[in-house]
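The values are calculated or read from the model by the stated rules, or taken from the named source; none is laboratory data. These figures come from a predicted structure and were not determined experimentally. We place every Cβ from the backbone using ideal geometry, glycine too, and count neighbours over all the protein chains shown. Keep in mind that these areas ignore ligands, DNA and RNA; they rest on the heavy atoms of the full protein, side chains included. Shrake-Rupley method; radii C 1.70, N 1.55, O 1.52, S 1.80 Å.
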Amino acid sequence: MSDCIFCAIAARDIHGRIVHETEHSLAFLDVNPLAPGHTLVVPKDHYARLDDLPDEISEDLFRTVDELVPRVEEAVDADATNIGLNNGPAAGQEVEHVHAHIIPRFEDDGGNPIHAVAGKRPDLSDEEMDDIESDISDL
Ligand code: 5GP
Ligand code: ZN
């Protein structure tokens, strides 16, 4: 897409600190890192949301994340990582080109677990949980 910053990085039209490339995926450092080593993994082609990815590209993306995590952790001597995707604007996605965040974490870094991303916790009855379970389930 012509005005997409991540497409421009993938095309090498603008500079990115690219650290890894596969057939379908590209990994580069986040320009405004939440921690040293904060890395983004994106499909080379433009897809806005996770559900838009063809299977082959999705598999490549998640395999790439999996391969990069230990390398990122080792590079910055991290104790752990949070891995996450803001999947849609309501979830905080600002760049509408799928990207997985790899965020290195350190003992006592003052950060939070992934549970901190959501809003007010819902108070769901067993019946409501049953309905949600059956709406999602394909078993
Ligand atoms: P989002 O909120 O969409 O999940 O996160 C977008 C991420 O992209 C942010 O962490 C932001 O710092 C990063 N970002 C935005 N523009 C650029 C850019 O031009 N280059 C790089 N490397 N990262 C960017
Ligand atoms: Zn794009």
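Miscellaneous remarks
- For the range 92-111, the tally of residues that are out of contact with any helix residue (DSSP H, G or I) (no Cβ under 8 Å at 6 or more places or on another chain), hydrophobic (A, V, I, L, M, F, W, C) and near ligand 1 (Cβ under 10 Å from one of its atoms) stands at 1.
- Residue check, I14 in a helix (DSSP H, G or I), open to solvent by less than 80 Å² (accessible area, probe 1.4 Å) and either aliphatic (A, V, I, L, M) or away from ligand 2 (no atom under 16 Å from the Cβ) (or both): no
- Condition check for E94: within 27 Å of I57 (Cβ to Cβ) and assigned to a loop (DSSP other than H, G, I, E, B): yes
- Qualifying positions in the range 29-46 - over 12 Å from the mean Cα position of the chain (by Cα) and closer than 18 Å to Q93 by Cα: L29, V31, N32, P33, L34, K44, D45, H46
- If you go through the range 6-49 and keep only what is acidic (D, E) and in contact with a Leu (Cβ under 8 Å, 6 or more places away or on another chain), you end up with just D30.
- R105 satisfies every condition listed in (1) within 16 Å of ligand 2 (Cβ to nearest atom); (2) open to solvent by 30 Å² or more (accessible area, probe 1.4 Å); (3) in contact (Cβ under 8 Å) with a residue 60 or more places away in the chain except (1).
- All strands (runs of 3 or more DSSP E) inside the range 21-86 with 2 or more residues being buried (at least 19 other Cβ atoms within 10 Å of the Cβ) and either touching a residue at least 24 places away in the same chain (Cβ under 8 Å) or more than 14 Å from ligand 2 (Cβ to nearest atom) (or both): 25-29, 39-43
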